[in-house]
Amino acid sequence: MSGNSFGLLYCVTSFGESHGPAYGGVVDGCPPGLALSAADLQRELDRRKPGSSRHVTQRRETDTVEILSGLYEGRTTGTAIGFLIRNEDQRSKDYSAIAEKFRPGHADYTYWQKYGIRDARGGGRASARETVVRVAAGAIAKKWLKERYGVVIRGYLAQLGSTRLKFESWDEVERNPFFSPDAAVVPQLEKFMDQLRESGDSCGARVNVVASGVPVGWGEPVYGRLDADIAGAMMSINAVKGVEIGAGFGAIEQKGSEHGDEMTPQGFVSNNNGGVLGGISSGQDVTVSIALKPTSSIRIARRTIDVRGNPTQVETTGRHDPCVGIRATPIAEAMLACVLADHALRHRAQCADVTPPTKVVNPKKIN
C-alpha cells in the first residue's frame, strides 16, 4: 500500500492497523530547537481518545505516546521525529461474524477489490483509529506554529445531525464531550445521542476549524494552493465527505458585491474567502468547515453481499462511535496545523527575504 505520507517539507508518515500491535508515525521536517516532550503530544491525544464519554466508542485506550527519535535534551534536533502509540484494547472477535461480508458505506468492499485481501478486524488500515498519528503530528505542528508565528488553531462542533449549534464561546468548547461552543445545548445533544445509540443507528456532523494569526503569503498561486492543500488534507480524514473554505457552498447564493472581501486601510470588511485569496493566505483567519458522514458500522440489519458475491445481510456489533464527528475536532485541528506548518516552511524557503511593498492590511474584520 502506498500513500501513507503527506506534506512536502513538514512530512507526516503513518503506519499501523486498528487491531495490530500499535500505530506509529514519523514527522520529517520539523525545525530544530523546538522544546518538545511526550506531554505536548499527549494533551492532544487525550482530547480525541475513545472512551471519553458514553456518547463515543467504549474501546478503552490510554493512547500513551512514546517519542522514539528526533529529540535531544528536550528539544527537536531537526531529524525525523518517530513516535509510537500502542493498541491496548482490541476485541477482534467482534468482527468474526462480518469477516466475509462488506459493510455498506465502509471501505471493506474497495479494499477487497483493490488488494485482494483485507484486515476485517476493526477495518484494519481503514479504521478511524489511524487518526491518532495525525493528532500526534498535529500537536508538534501546533506548538511550532504558535511559538514561531503566534498562530492559534481551534475547532468546535457546529452541527450534530439536524441540530445546528450557535457559537457562544471558545471557553465552552473544552468543557463538554461534544466540543460544543454552546453549553446550553449540551443536554439536548446528550438526549439525542442516547436515543441514537439505543436505536442502533448513527448520524453525521459538521466541525468548524479556525486558524488565527496566519501571516500573509503562505501558499502557492497555482498548484499547491493553500486552500487546495487544506481541502485535500481534510478530505483524507475518515468519514469526511465535504469541505468548505470560508463561505463555501454559501457563496453560490451570494452576489459578487457581497462575497468579495472589501479592504480599507483599517482592515478587511468580511472574510467570505476564509483567509485565502488566489491560493495564498491573506492574513485573515483561515476558516474551514468539514462534513462527516454517519458511521457505517451500525446494529441495524442492512443488505449487502459476501466475498463470493452472494446476497446477504450485515449487522455490526461491538464498540463503535454513533457519530464520528464528536471526536473529530482535534483531528481537523491537527490536519490544518500540519498543512500550515508545511506551507510556513515552503514560504520561508522561497520568500523569507521578501519585503512587502504595501503595508499589510489589518486582518481583523471591521464593521
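The condition of being closer than 30 Å to Val360 by Cβ, modelled with pLDDT of 95 or more, buried (at least 18 other Cβ atoms within 10 Å of the Cβ) and touching a His at 6+ places or on another chain (Cβ under 9 Å) holds for only one of Gly155, Gly219, that being Gly219. Do we find a residue being at pLDDT below 90, on the phi < 0 side of the Ramachandran plot and assigned to a loop (DSSP other than H, G, I, E, B) anywhere in region 336-355? Yes, region 336-355 has at least one match. Could you list, in sequence order, the residues of region 196-232 that are out of contact with any Phe, Trp or Tyr (no Cβ under 9 Å at 6 or more places or on another chain) and assigned to a loop (DSSP other than H, G, I, E, B)? Across region 196-232, the qualifying residues are Gly200, Asp201, Ser202, Gly204, Val216, Gly217, Trp218, Gly219, Glu220, Pro221, Tyr223, Arg225. A search for C-beta distances below 6 Å between a residue of region 224-252 that is farther than 17 Å from Cys11 by Cα and any residue that is among the β-branched types (Val, Ile, Thr) and in a helix (DSSP H, G or I), counting only pairs 6+ apart in sequence or on different chains, returns Ala239/Val324.
Does region 308-331 include one or more residues that are part of a strand (DSSP E or B), under 19 Å from the mean Cα position of the chain (by Cα) and surrounded by 22 or more Cβ atoms within 10 Å (Cβ to Cβ)? Within region 308-331 (the criterion being part of a strand (DSSP E or B), under 19 Å from the mean Cα position of the chain (by Cα) and surrounded by 22 or more Cβ atoms within 10 Å (Cβ to Cβ)), the answer is no, since none of the residues qualifies.
Condition check ((1) at pLDDT below 95; (2) under 30 Å from Glu147 (Cβ atoms); (3) surrounded by 20 or more Cβ atoms within 10 Å (Cβ to Cβ)) across all residues:
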| position | (1), (2), (3) |
| --- | --- |
| Met234 | no, yes, yes |
| Gly246 | no, yes, yes |
| Gly250 | no, no, no |
| Gln266 | yes, yes, no |
| Ile280 | no, yes, no |
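The one condition from (1) closer than 22 Å to Leu292 by Cβ; (2) part of a loop (DSSP other than H, G, I, E, B) that Arg129 does not meet is (2).
Being open to solvent by 20 Å² or more (accessible area, probe 1.4 Å), within 21 Å of Ala328 (Cα to Cα) and modelled with pLDDT of 85 or more: is that true of Gly78 here? Criteria not met by Gly78. Looking only at region 89-99, decide whether some residue is closer than 30 Å to Asn176 by Cα, open to solvent by less than 50 Å² (accessible area, probe 1.4 Å), in a loop (DSSP other than H, G, I, E, B) and modelled with pLDDT of 95 or more. No, region 89-99 has no match at all.
The values are calculated or read from the model by the stated rules, or taken from the named source; none is laboratory data. What you see is a predicted model; the values in this text were computed from it and never measured. In this analysis, Cβ positions are derived from the backbone assuming ideal geometry, glycine residues included, and neighbour counts consider all displayed protein chains. Keep in mind that these areas ignore ligands, DNA and RNA; they rest on the heavy atoms of the full protein, side chains included. Shrake-Rupley method; radii C 1.70, N 1.55, O 1.52, S 1.80 Å.
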